[in-house]
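Asker: Sharing a structure below in structure tokens format, with a few things to ask.
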Amino acid sequence: MMQYVSDTLNVLADSLFSMLFKSSEARAPNLGFSHKLTTTTKMKYILILFLLTSINQSGISQEVEMITDWNKATELANQENKQILIILTGSDWCTPCKKMDKKVINQPEFQEYASQRLVLFLIDLTKEVVFDSKNPTNKDYEVFKKKYETNELPSLILTDTHGKKIKVLEGKKFDLENVMNQLSNNNAL
């Protein structure tokens, strides 16, 4: 049984290494000479590549939490002494909103800035919500739209820890440079 497992691992290591490096022969890193690598060495290289890939992907996928409860957002902002960025969007039907999500909200530069300085409060008017006048999100949207004097989607509204308006961001909300400049120039905390 042990021999079978060992043989299977050897075949697997050879196959994976061949796929990764197009040959079972490989150059030793930074040594400049060729040599036949043992199965154990190949498995170590494969494990290292796997770990590096996993670390890189987990770093990218970390997102700042989007809060949908205003009381929770203001409470968290007060506890952490952060400004609140209100995001009014229609994520599944509004083309500029989709662009903002992809080109700004999900970008590492924005994510890092937001994690350090902002609490993100989200009101998302999905297709489902728009056509259901009794949905509480619709009512929230109307309240925040009126309070912060904005009629456009997407809207980004920067407030202090208590919800007092600092600025309604202007221009293209799907332009990362535009959004980051306006946020960083209005960091009142």
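Asker: Which condition from (1) free of Cβ contacts under 8 Å to residues at least 12 places away in the same chain; (2) charged (D, E, K, R); (3) buried (at least 20 other Cβ atoms within 10 Å of the Cβ) is the one that Lys98 breaks?
Answerer: Just one mismatch for Lys98, condition (3).
Asker: Going through segment 107-146 one residue at a time, which ones are out of contact with any strand residue (DSSP E or B) (no Cβ under 6 Å at 6 or more places or on another chain) and of a type in the set (D, E, K, R)?
Answerer: Glu109, Glu112, Arg117, Lys127, Glu128, Asp132, Lys134, Lys139, Glu142, Lys145, Lys146
Asker: I'd like the full set of residues that are surrounded by fewer than 22 Cβ atoms within 10 Å (Cβ to Cβ) and either without any contact (Cβ under 8 Å) to a residue 24 or more places away in the chain or in contact with a Pro (Cβ under 6 Å, 6 or more places away or on another chain) (or both), limited to segment 78-92.
Answerer: Gln79
Asker: Looking at (1) modelled with pLDDT under 95; (2) under 21 Å from Thr95 (Cβ atoms); (3) part of a helix (DSSP H, G or I); (4) hydrophobic (A, V, I, L, M, F, W, C), which is the only condition Val179 fails?
Answerer: Just one mismatch for Val179, condition (1).
Asker: Go through (1) buried (at least 17 other Cβ atoms within 10 Å of the Cβ); (2) more than 19 Å from the chain's Cα centre (by Cα) for Tyr113 and report which single condition fails.
Answerer: So the condition that Tyr113 fails would be (2).
Asker: Find the residue count for segment 137-181, including only residues that are of a type in the set (Val, Ile, Thr) and surrounded by fewer than 20 Cβ atoms within 10 Å (Cβ to Cβ).
Answerer: Matching residues across segment 137-181 total 5.
The values are calculated or read from the model by the stated rules, or taken from the named source; none is laboratory data. Because the structure is a prediction, the values reported are computed rather than measured. When we count neighbours, we look across all protein chains shown, and the Cβ atoms used for this are built from the backbone with ideal geometry, even at glycine.
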